[in-house]
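FYI, it's all coordinate maths here, none of it is from the lab. None of the values given here were measured: they were computed from a predicted structure. All Cβ positions, even for glycine, are placed from backbone atoms using ideal geometry, and neighbour counts span all protein chains on display.
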Amino acid sequence: MTIRLVLQFHFGLDLPERAFHASAELGLKEGPKLGVRSLDTLHVACALELKADRFWTFDERQAKLARAKGMRIS
């Protein structure tokens, strides 16, 4: 079962396809050097798609990725 299907089935979330493409790109570009995982990249990709300038998280991997993409961390 793909992440997209899990999110739709279990949580009723229907994220746009472009968020998944952005997530995959982030994983390829930033994953090896920052140690981020697929759901980390998906969270940050969604924030970027929404044009957020601030990212709220307690997760260090997500925070590193969001900072690398120019977002302020709270």
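Please enumerate the residues belonging to the stretch 25-56 that are within 18 Å of Leu15 (Cβ to Cβ) and of a type outside the set (A, V, I, L, M).
Quick first cut of the stretch 25-56, residues within 18 Å of Leu15 (Cβ to Cβ) only: 25-27, 36-52, 55.
If the condition is that a residue be within 18 Å of Leu15 (Cβ to Cβ) and of a type outside the set (A, V, I, L, M), then Glu25, Gly27, Arg37, Ser38, Asp40, Thr41, His43, Cys46, Glu49, Lys51, Phe55 are the ones that fit.
Scanning the stretch 49-60 for residues that are surrounded by fewer than 19 Cβ atoms within 10 Å (Cβ to Cβ) and not acidic (Asp, Glu) returns Leu50, Lys51, Ala52, Arg54, Trp56, Thr57, Phe58. Screening the stretch 43-74 for residues that are of a type in the set (A, V, I, L, M), part of a helix (DSSP H, G or I) and free of Cβ contacts under 8 Å to residues at least 24 places away in the same chain and picking the one that is farthest from Ser23 (Cα to Cα) gives Ala63.
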